[in-house]
Structure formats: C-alpha cells, structure tokens
Amino acid sequence: NAGVTQTPKFRVLKTGQSMTLLCAQDMNHEYMYWYRQDPGMGLRLIHYSVGEGTTAKGEVPDGYNVSRLKKQNFLLGLESAAPSQTSVYFCASSLWRSTDTQYFGPGTRLTVL
Amino acid sequence: AQSVTQLGSHVSVSEGALVLLRCNYSSSVPPYLFWYVQYPNQGLQLLLKYTTGATLVKGINGFEAEFKKSETSFHLTKPSAHMSDAAEYFCAVSPPGANSKLTFGKGITLSVRP
C-alpha cells in the first residue's frame, strides 16, 4: 500500500513554461486535494475533487488547472508558470469527505525562475 | 467563514519538558478541529481531531488537545517532549458537513533541545 504518491519530487521551470504534477492514491478515496505550502502561510487549498470526473476551486485557484479522469489520479497543471508559483505542492486524499482524515503525499518542490 | 490563529512561529523546549502549542479558532458554527504534524521533508499526517463528544482528545505519540468552546481554543499538549517530536505542527478548522473544507493555520515549528 503506497498511500499517496506524487511525481515529480523536484522541478525547476522557467517563467512561461508549463508542466503537470501527478498525484496517485491507492486507497480508493473519493476526495482528493491539491495544496500549496509557502513559508509562514501554512497550507492553502488550490483545487479539489469530490469524485471521479469532478473538480472544484479552492482558496487560490488562479493559474492552475486540474483534472480527475480516473478515481485514483489527480493532476495539477500550470499552463504558464510564474515566479509566484514557486512553492511546495502537496496532494492529499480522504475517504468520503474533507473532514475525514486527509492523507498527504511527500510533496513536490517547484521553483520557477 | 472560519479561521485559525497559531501565535508565534517557533517554540523551543528541552527534552522531557511540557509541550504546549496554542491554537485559537474563529467559526460561526461549532467546528471540527484538527492537529496535523509535518516531519522534515515529509507530507502532513493527522495527530488528532475533534468532531463531537468528549472535549479532551488523545492522539498519536502521546499528544492530546482539549476543545474549549468558551475560549475558542484547541491547544495541543504533550507532558514530556522527545527529540523525535521536532517538527512543524498545523492546527486546522472546518465547519461540519460533507463538503466543508479545512482551513489551516500558519504552523508552528517545534524544536527540542537535548
């Protein structure tokens, strides 16, 4: 049981480049989330999904898109990266609702130059 | 809307000393409350949570927290700190409800001195 995995672990982009972060969970959870963590700001919710084929905006969705074509995968895309998107990105999943225990992946450290 | 306040960004204690990490919340309805811990270079994991019922909640690794409605607080304590407790701790709040979202505090870094 791998839990929640994230790919890649590290990435450096130039301003304007695009990339996709992949999150996978093997716990058959319905809910999945993407957060960003910045120093002194805690975790902020970017987008989330309440089931396969669904997505919704969180607190800081601008500049990001997501897709959940399969229940076990949740993709986060940056179409045109900006330095303000330099951050650590965490994926999480929970069984039935946001207030169930959220299980987090190890994170992706993204630097945009 | 709900919010969480974790005063200070860093707490340092000696090994064996009491750990007290403070969390105050603001919520228009009785909230669900959580403490998550993040060890270096890892994702977050749940320490404990309060939903309903007993206001003193026990979690993993000897931690506990007490929901005090009159003080709008959910402080995290551990009687005796261990070196392995060094980590970042996040308090989070959510209104009850299936689609309610967690709002995280800014986090507190706990250092444990030998």
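Key figures
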quantity	calculated
Strands (runs of 3 or more DSSP E) within segment A:1-105 that include 1 or more residues closer than 29 Å to B:I108 by Cβ, touching a Gly at 6+ places or on another chain (Cβ under 8 Å) and within 14 Å of chain B (Cβ to nearest Cβ)	A:4-7, A:19-25, A:31-38, A:42-49, A:87-94
Odd one out for B:F67, checked against (1) touching a Phe, Trp or Tyr at 6+ places or on another chain (Cβ under 9 Å); (2) of a type outside the set (S, T, Y); (3) within 11 Å of chain A (Cβ to nearest Cβ)	(3)
Any hit, segment B:68-84, residues being in contact with a His (Cβ under 9 Å, 6 or more places away or on another chain) and either buried (at least 17 other Cβ atoms within 10 Å of the Cβ) or not aromatic (F, W, Y) (or both)	yes
Some residue of segment A:10-22 being out of contact with any Phe, Trp or Tyr (no Cβ under 9 Å at 6 or more places or on another chain) and either crowded, with 21+ Cβ neighbours inside 10 Å or aromatic (F, W, Y) (or both)	yes
Count - residues of segment B:28-64 that are within 14 Å of another protein chain (Cβ to nearest Cβ) and assigned to a strand (DSSP E or B)	15
Counted residues, segment A:25-71 - those being under 13 Å from the mean Cα position of the chain (by Cα) and touching a residue at least 24 places away in the same chain (Cβ under 8 Å)	18
Test: residue in segment B:54-63 that is touching a residue at least 24 places away in the same chain (Cβ under 8 Å) and of a type in the set (K, R)	no
Tally, over segment B:72-84, of residues that are touching a Leu at 6+ places or on another chain (Cβ under 8 Å) and either of a type outside the set (A, V, I, L, M) or in a loop (DSSP other than H, G, I, E, B) (or both)	7
Count of residues meeting criterion [farther than 20 Å from A:Q37 by Cα and not charged (D, E, K, R)] in segment B:34-53	5
Residue, modelled with the lowest pLDDT, within segment B:25-79, restricted to residues that are closer than 15 Å to B:S94 by Cβ and polar (S, T, N, Q)	B:S28
Cross-chain or 6+ apart pairs with Cβ under 6 Å, segment B:22-33 first and touching a residue at least 40 places away in the same chain (Cβ under 8 Å), then of a type in the set (A, V, I, L, M, F, W, C) and not in a strand (DSSP E or B)	B:R22/B:L7
Residue in segment A:61-76 that is surrounded by 14 or more Cβ atoms within 10 Å (Cβ to Cβ), at pLDDT 95 or above and touching a helix residue (DSSP H, G or I) at 6+ places or on another chain (Cβ under 7 Å) present	yes
Subset of segment B:1-24 [surrounded by 14 or more Cβ atoms within 10 Å (Cβ to Cβ) and under 28 Å from B:P96 (Cα atoms)]	B:Q2, B:V4, B:T5, B:Q6, B:L21, B:R22, B:C23, B:N24
Members of segment B:85-114 found to be within 8 Å of chain A (Cβ to nearest Cβ), part of a loop (DSSP other than H, G, I, E, B) and at pLDDT 90 or above, listed by number	B:L102, B:G105, B:K106, B:G107
Filter pass, B:Y25 being within 13 Å of chain A (Cβ to nearest Cβ) and farther than 23 Å from B:S84 by Cβ	no
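The values are calculated or read from the model by the stated rules, or taken from the named source; none is laboratory data. Quick caveat, the model's predicted, so the values are computed rather than measured. In this analysis, Cβ positions are derived from the backbone assuming ideal geometry, glycine residues included, and neighbour counts consider all displayed protein chains.
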